[in-house]
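Notes follow once the structure below has been shown.
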Amino acid sequence: MSTDLLPGQRKLPVERLPSSTYVLFLCQAVNLTAAVISVTVAALVGAELAPNPALATLPYGVQFAAVALLTYPAANIMRCFGRKAGFLLGAILLIAAGWLGYYAVSRSSFILLVAAHSLLGGYVAFANYYRFAAVDNLPSTLRSKGLSLVVAGGVLAAVTGPAISIGFQNVAGFAPFSLCYGFLIVLGLISIGLIGIWRPGASLVPSAVRSTRSSIGWTPPVCLAMFASASGYFVMNLLMVQASLVMEAMCVSFTASTFAVQGHVLAMFAPSFFTGALISKVGFRKPLLAGFLLLVAASLLGMWNLGYGAMVVGLVLLGAGWNLSYVGGGALLAANLSDGDRYRFQGINDSVIAICATLGAFAPSILQTTIGWRNTNLLCLCITALGFGLVWSILLKRKTINAR
């Protein structure tokens, strides 16, 4: 077939993501590898060192509390000193967390373990902005793809995180799991190297089409975007952490429970390779509805069947639902912010997410010892059903208004 253009026709340029986006993809892989190691071992080490079984998930909860406290200050630091300076500071915190975690496990100190996870939370507060750094200066047609690609870095983490956790679980001459924390030092050094070569791209948006509005404000889509990301994160964190406690109570082996977490993490991030393209093609409403529908299905399965097989399938549904709600919410937020709103609303958004994730990290051991696994799923079912209804209502109204 001939590709010659007719007289007067011009070949349209193909829009491609800049190379800096792929560096951030690798940075996110490091970030989420650290997160997978943390979620895989934190509750187990916490249960071993905690003076009370109810405090088993305290280190992981403190980690998310630190994220909640430091997310907005991290946004302000990057606004004043730039993204690169903030990301480098975060990497230093990751190295410190790895060293202190290794020392805490070696000395069987629960207090130091909690401190190590607080430092890890500081790193995460900065690293969570990788996805937004990817959409800085991108045209609107590429933003959902750029954000989605960076989130897809979790696919590498789904492979490396469990492998590191299993490989360094028991090493002769070292306390169990101590080298899992020690490996965070290596990840911090890799992160510094990647950030060193990262060059934020020049703006691909023509100055004539950049937003001249200094503020858009709290519109329904902005509020919905925050709710979608935050509620999805709360439900995901709550059920994921509590599932590890349930599997431990079922005497599931560490290898088998790690396999379940690995399937969950793959389901969380593998869809990101096409979520951005899907949003670009069909808009925000359908992916967000699908995300909440998958979260509903995960909760229903958890209520219906208490078994290892159902747990694995439920975690996969949970991960896929989280992806669509989290990426969809982030893309919806980015699409509804002006340049003047960017840092402030990104900071508020990630602070809300961090608060909900913190609740989801603190609550599992308490809910497991009070209302149990099935009733926890019932609680999550109510939240996700509400999210489905809000997306259906708000984005349907917006679609109708735009059609007029």
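The values are calculated or read from the model by the stated rules, or taken from the named source; none is laboratory data. Nothing here was measured: the structure is a model prediction, and the numbers come from that model. All Cβ positions, even for glycine, are placed from backbone atoms using ideal geometry, and neighbour counts span all protein chains on display.
Observations, loosely collected:
- Within the stretch 106-125, tally of residues that are of a type in the set (Val, Ile, Thr) and either more than 19 Å from Leu26 (Cβ to Cβ) or free of Cβ contacts under 8 Å to residues at least 40 places away in the same chain (or both): 2
- In the condition set (1) farther than 21 Å from Trp99 by Cα; (2) touching a Phe, Trp or Tyr at 6+ places or on another chain (Cβ under 6 Å); (3) at pLDDT below 85; (4) not polar (S, T, N, Q), Gly61 is compliant with all but (1).
- Among the candidates Val261, Val235, Val265, Val316, residue that is under 16 Å from Ala158 (Cβ atoms), at pLDDT 90 or above and part of a helix (DSSP H, G or I): Val316
- Taking each residue of the stretch 23-35 that is free of Cβ contacts under 8 Å to residues at least 24 places away in the same chain and in the same structural domain as Ser272 (by the TED database) and looking for partners that are crowded, with 24+ Cβ neighbours inside 10 Å and among the aromatic types (Phe, Trp, Tyr) with beta-carbon atoms closer than 7 Å, six or more apart or interchain, yields nothing.
- The stretch 126-140 residues that are charged (D, E, K, R), paired with ones that are surrounded by fewer than 23 Cβ atoms within 10 Å (Cβ to Cβ) (beta carbon under 7 Å, 6 or more apart): Asp136/Pro200
- Answer residue from the stretch 286-336, given it is among the β-branched types (Val, Ile, Thr) and touching a Ser or Thr at 6+ places or on another chain (Cβ under 9 Å) and is surrounded by the most Cβ atoms within 10 Å (Cβ to Cβ) among those: Val327
- Within the stretch 166-191, the only residue that satisfies the criterion of being of a type outside the set (Gly, Ala, Ser), surrounded by 19 or more Cβ atoms within 10 Å (Cβ to Cβ) and over 19 Å from Glu48 (Cβ atoms) is Leu187.
- Test: residue in the stretch 345-363 that is crowded, with 23+ Cβ neighbours inside 10 Å, in a helix (DSSP H, G or I) and touching a Lys or Arg at 6+ places or on another chain (Cβ under 8 Å): no
- With a requirement of 2 or more residues that are within 21 Å of Leu179 (Cβ to Cβ), the helices (runs of 4 or more DSSP H) lying completely within the stretch 45-162 that satisfy it span 58-81, 83-106, 110-127.
Table: residues versus (1) at pLDDT 85 or above; (2) in the same structural domain as Leu194 (by the TED database); (3) crowded, with 24+ Cβ neighbours inside 10 Å; (4) within 14 Å of the chain's Cα centre (by Cα).
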position	(1), (2), (3), (4)
Ala116	yes, yes, yes, no
Leu119	yes, yes, no, no
Phe132	no, yes, yes, yes
Asp136	no, yes, no, no
Ser144	no, yes, yes, no
Ser148	no, yes, yes, yes
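- None of Leu367, Leu337 is outside any helix (DSSP H, G or I) and more than 19 Å from the chain's Cα centre (by Cα) except Leu337.
- Of all residue pairs spaced 6 or more apart or on separate chains, those with beta-carbon atoms under 8 Å, a first member in the stretch 366-378 that is in the same structural domain as Met303 (by the TED database) and a second member that is among the β-branched types (Val, Ile, Thr) are Leu367/Thr376; Gln368/Val246; Gln368/Thr376; Trp373/Val246.
- All conditions but one from (1) surrounded by fewer than 24 Cβ atoms within 10 Å (Cβ to Cβ); (2) closer than 22 Å to Gly154 by Cβ; (3) modelled with pLDDT under 95 apply to Arg79; the one that does not is (2).
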